[in-house]
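Engineer: Mind having a look at this structure? Questions to follow.
The values are calculated or read from the model by the stated rules, or taken from the named source; none is laboratory data. In this text the structure is predicted, and so the values were computed from the model without any measurement. In this analysis, Cβ positions are derived from the backbone assuming ideal geometry, glycine residues included, and neighbour counts consider all displayed protein chains. Protein only, heavy atoms only, side chains kept; ligands, DNA and RNA dropped before computing areas. Shrake-Rupley method; radii C 1.70, N 1.55, O 1.52, S 1.80 Å.
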Amino acid sequence: MRAVVFASEGTLVLEDRPEPKPGFKEVLIETAAVGICGTDAHVFDGEFEGTVFPLVPGHEATGTVVALGEGCDTSINKLAVGDHVAINPSTVCGECEFCLNGKNNLCRSWNGLGVVASDGASQERFVAPLANVFKLKPDTDLHLAALIEPLACSIRGWDQLPRRMGDHVLVYGAGTMGLLMAQLAPYAGAASVTVVDVNEGRLQVAADVGIQHRYTNADDADRDLWDVVIDCTGNVKAIEDGLKRLKPGASFQHFGVAATDAVAQYAPFRVYRDELSIGGSMAVLNSFGRAVEMFEAGAIKAAPMVSHSFSLDDYSDALTMFRAGTGRKLQIRPNDSESKVLL
Ligand SMILES: [Zn+2]
Ligand SMILES: [Zn+2]
């Protein structure tokens, strides 16, 4: 069985590995699609805190159940061989202060499949804990469904935001996360959604998924201030720009991943005087099941978001293309022999 392996920081190899075996309450899954995101680039560069090499990357995955380990038959999660599934990559200790207080995304021993110490899905087949495997309807598009993982992060983002019905929402960044946050805004009660991205090409994707207000600079928008501003870039310039565009009483969310040493400036007096809320959102918390349901209900336009699929042989090309910022969502399809342009 073939697998992409990050052998060490900055080193990628293709390996032939023995077939993985599912252990107690574990599921063996044949990979259909794995999305590539900024986290994979950070992991490859050795910038993700806690990563243990060698590691098979890939945390935004879907697939088909091939085998069930012991104990799966007695579980209330009735899974069967042949089921189509999406995988929540987060595994937690269940013992630390944060796990015990309902905030397991902040677990002190947080481990993500393909991110920290457990192998991910950029291989022909992989093993996941039963509790992380979510069954999909047989007619759900198994490739596009790899967007369910980032969608689950986005639903968690909206869970975290102080907001009211009728809010005007401004999103920075028209990459996958920005477009998902923007598409969820109407479900969170937004009266309008504006997306800003310096890259015109990405604004075209925003148009394709139905975002009406799109600008390369928020100065050109039809309003000056917003009730909710969400940064999906992690870029300090965008963050500082967004913080200036909050109405009194508004909320700002750090949703994009900034560099660990990045520092942004804001005026504390304004945060006090205007009662601004500034918060963050990290990964998935009790939102994966809702993401499955919303995806299957057609809450997001997924097809315009996925532009290329890559075979395992072409993994490094996918990483290069991701870094160049060209294309839309890129996927690895480990059981396809050829890479394809989808849009
Ligand atoms: Zn991701
Ligand atoms: Zn924990």
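Engineer: Any chance segment 167-175 includes a residue that's among the charged types (D, E, K, R), open to solvent by 20 Å² or more (accessible area, probe 1.4 Å) and touching a residue at least 24 places away in the same chain (Cβ under 8 Å)? Quick ask: steps written out before the conclusion?
Structural biologist: Applying the first criterion (among the charged types (D, E, K, R)) to segment 167-175 yields 167.
Filter once more, so that each one left must be open to solvent by 20 Å² or more (accessible area, probe 1.4 Å): none.
So far as segment 167-175 goes, no, none of its residues is among the charged types (D, E, K, R), open to solvent by 20 Å² or more (accessible area, probe 1.4 Å) and touching a residue at least 24 places away in the same chain (Cβ under 8 Å).
Engineer: Let me ask another. Within segment 315-331, track down each residue that is aliphatic (A, V, I, L, M) and open to solvent by 20 Å² or more (accessible area, probe 1.4 Å). Before the answer, list the steps.
Structural biologist: In the first step, residues of segment 315-331 are kept if they are aliphatic (A, V, I, L, M); the result is 318-319, 321, 324, 330.
Those that are aliphatic (A, V, I, L, M) and open to solvent by 20 Å² or more (accessible area, probe 1.4 Å): 321, 324.
Engineer: While we're looking at this one, here's another question. Out of all the residues in segment 50-62, is one or more in contact (Cβ under 8 Å) with a residue 60 or more places away in the chain, within 16 Å of ligand 2 (Cβ to nearest atom) and closer than 28 Å to residue 256 by Cβ?
Structural biologist: Yes, because at least one residue in segment 50-62 is in contact (Cβ under 8 Å) with a residue 60 or more places away in the chain, within 16 Å of ligand 2 (Cβ to nearest atom) and closer than 28 Å to residue 256 by Cβ.
Engineer: May I pose another question? If you scan segment 139-187, which residues turn out to be within 13 Å of ligand 1 (Cβ to nearest atom) and not in a helix (DSSP H, G or I)?
Structural biologist: Correct list: 175 only.
Engineer: Could I ask something else about it? Restricting to segment 85-135, and then to whatever is of a type in the set (D, E, K, R), part of a loop (DSSP other than H, G, I, E, B) and within 10 Å of ligand 2 (Cβ to nearest atom), can you tell me which residue is least open to solvent (accessible area, probe 1.4 Å)?
Structural biologist: Only one residue tops the list, namely 103.
Engineer: Which one is farthest from ligand 1 (Cβ to nearest atom), of the residues in segment 18-44 that are assigned to a loop (DSSP other than H, G, I, E, B) and under 19 Å from residue 310 (Cβ atoms)? Before the answer, list the steps.
Structural biologist: So the first thing to find is which residues in segment 18-44 are assigned to a loop (DSSP other than H, G, I, E, B), and the list is 18-25, 36-37.
The next check asks that each one be under 19 Å from residue 310 (Cβ atoms); those that pass are 36-37.
Working: 36: 8, 37: 3 Å.
For segment 18-44, the residue satisfying everything is 36.
Engineer: A further question on this structure: Looking at segment 228-343, what helices (runs of 4 or more DSSP H) fall wholly within it and have at least 3 residues that are within 22 Å of the chain's Cα centre (by Cα)? Break it down stepwise before answering.
Structural biologist: Numbers: elements: 236-243, 268-273, 288-296, 315-324.
Of the helices (runs of 4 or more DSSP H) lying wholly inside segment 228-343, those with at least 3 residues that are within 22 Å of the chain's Cα centre (by Cα) span 236-243, 288-296, 315-324.
Engineer: Name the pairs whose Cβ atoms lie under 8 Å apart, with the first residue in segment 210-227 and in contact (Cβ under 8 Å) with a residue 12 or more places away in the chain, the second surrounded by 13 or more Cβ atoms within 10 Å (Cβ to Cβ) and of a type in the set (Asp, Glu), and 6 or more positions between them or separate chains?
Structural biologist: Note: pairs meeting the criteria are 214/197; 216/197; 218/241; 226/167; 227/167.
Engineer: I would also like to ask the following. Between 183, 204, 212, which is within 22 Å of the chain's Cα centre (by Cα) and surrounded by fewer than 21 Cβ atoms within 10 Å (Cβ to Cβ)? First the steps, then the outcome.
Structural biologist: Numbers: 183 fails: surrounded by fewer than 21 Cβ atoms within 10 Å (Cβ to Cβ); 212 fails: within 22 Å of the chain's Cα centre (by Cα).
Result of the check over 183, 204, 212: 204.
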